[in-house]
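What follows draws every value from the coordinates through simple rules; no lab data is involved. Keep in mind that what you see is a predicted model, and the values were worked out from it rather than measured. For neighbour counting, all protein chains shown are included, and Cβ atoms are generated from backbone atoms with ideal geometry for every residue, glycine included.
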Amino acid sequence: MVQKELNVSLRQRIGKGGARSARREGLVPGVVYGSHIEPCAVNVAPKTLEEAINTEAGWNTLLTLKGDGPFDGVLAVVKDIQYDAIRRTPMHIDFQAIDMKNKASFMVPVNAVGKSAGEKEGGSLQVIRKELEVFCLPTSVPASIDINVEALAIGDVVHIDDIAAPEGVELVHDVNFTVITVVGRKPSEEEAAGAEEEA
């Protein structure tokens, strides 16, 4: 897992008023919470935050929080970021403290590998679930869940149960939902026969 340091500051004024005050100062208000730390309100500079999570691990980058507060030295990951609907600037961030010895849940992006047979026939590959929840140790979080789609024809579907998780990683799910599918119109028997004759 990618590790970075992130400087944050303790936010003395909590609530909506404190969050608005932080934003006026050009900072992103947030909170740090976890099983072994009392929740505390923090502020972080948006540029510093962007640089910290601009890695192949993204939100799963393991962050060592630095600053004057109970969070100093705590290992955490980004659990959620709320963005402004128009400007797409971060408005609030949640950090979850991580225990390196205990498994936890993480969201990992899906990566379709290769070009499907169905796309070559004029179909379209659709990634229905762009992220999957995994349960593992922080050191075992994969950068992505890679799914080879080359053999998929039009109408084929990849369900969560079809995916082999990396060693030490459990894919969390209650139902066998669709992750990837290839859609498009299959050629009729007449069209297929005509194509063979032309060939």
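Which of LEU171, LEU27 has the fewest other C-beta atoms within 10 Å, and how do the rest follow up to the most?
Ordered from fewest to most neighbouring Cβ atoms within 10 Å, LEU171, LEU27 come out as LEU171, LEU27.
Which option, (i) 17.1; (ii) 17.7; (iii) 19.5, is the value of Kirkwood radius over Cα pairs in Å that was calculated from these coordinates?
(iii)
For the chain, what relative contact order do you get, as a whole percent, if you take Cα pairs closer than 8 Å and at least 6 residues apart?
17 percent
So how tilted is helix 189-198 from the main axis of the chain? Cα-based, degrees 0 to 90, rounded to 10.
70 degrees
Please report the Cα spread of the range 54-147 along all three principal axes, rounded to whole Å, starting with the longest.
59, 38, 18
Under a plain spin-label model, where a point goes 7 Å from the Cα along Cα-to-Cβ, how far apart in nm are ASN148 and LYS4?
3.3 nm
Spelling out what I want: for every residue of the range 93-101, take phi, set θ = phi - 60°, compute 6.51 cos²θ - 1.76 cosθ + 1.60 (Karplus), and round to whole Hz; glycine and proline get x.
Values per residue, Gly and Pro as x: 9, 10, 10, 9, 5, 10, 9, 4, 8 Hz.
Residue by residue, what Karplus-based ³J(HN,Hα) values in Hz, rounded to whole numbers, does the range 153-163 have, using 6.51, -1.76 and 1.60 with θ = phi - 60° and x for Gly and Pro?
Result, ordered by residue: 9, 4, x, 6, 9, 10, 9, 4, 5, 7, 9 Hz.
Using a cut-off of 26 Å between alpha-carbon atoms, which lysines can reach LYS120, once sequence neighbours fewer than 8 places away in the same chain are excluded?
LYS130, LYS186
Taking loop as defined by DSSP and a crowding limit of 14 other beta carbons within 10 Å, which trypsin sites (Lys or Arg not before Pro) in the range 101-170 fit? Working shown, then result.
Values: sites: LYS101, LYS103, LYS115, LYS120, ARG129, LYS130; in loops: LYS101, LYS103, LYS115, ARG129, LYS130.
Listed in order of number, the matching sites are LYS101, LYS115, LYS130.
Of ALA143, ALA97, ALA153, which has the largest mean-square fluctuation in a 10 Å C-alpha GNM of the chain?
Result: ALA153 has the largest fluctuation of those listed.
Could you pull out every residue, at least 5 positions away or on a different chain, whose amide H is within less than 5 Å of the one on LEU132? Hs are placed 1.01 Å off N in the peptide plane, and Pro or chain starts have none.
Hits under the 5 Å cutoff: VAL108, VAL110.
Return the long-range amide H neighbours of SER116 (sequence gap of 5 or more, or a different chain), with a cut-off of under 5 Å between placed amide H atoms.
Counting only residues 5 or more places away or on other chains, the set is empty.
List the residues whose amide H sits under 5 Å from the amide H of ARG11, counting only those 5 or more places along or on another chain, with H placed 1.01 Å from N in the peptide plane.
It is ALA41, VAL42, ASN43, by chain and number.
Taking the number of other C-beta atoms within 10 Å as the exposure measure, put ARG11, ARG20 in order starting with the fewest.
ARG20, ARG11
Mean residue ellipticity at 222 nm from the helices of the chain, using -39,500 (n - 2.57) per DSSP H segment of n ≥ 4 over the full residue count, to the nearest 500 deg cm²/dmol?
-4500 deg cm²/dmol
Out of all DSSP beta bridges with both ends in the range 3-97, state the antiparallel percent to the nearest 5.
65 percent
Apply the Karplus curve 6.51 cos²θ - 1.76 cosθ + 1.60, θ = phi - 60°, to the phi angles in the range 108-120 and return the couplings in whole Hz, x for Gly and Pro.
10, x, 8, 10, 7, 9, x, 10, 6, 4, x, 5, 5
Placing +1 on the Cβ of each Lys and Arg and -1 on the Cβ of each Asp and Glu in the chain, which of VAL182, ILE98, ALA151 has its Cα farthest towards the positive end of the resulting dipole?
ILE98
How would you rank ILE128, ILE53, ILE93, going from fewest to most other Cβ atoms within 10 Å of each one's own Cβ?
Listed from fewest to most nearby Cβ atoms, that is ILE128, ILE53, ILE93.
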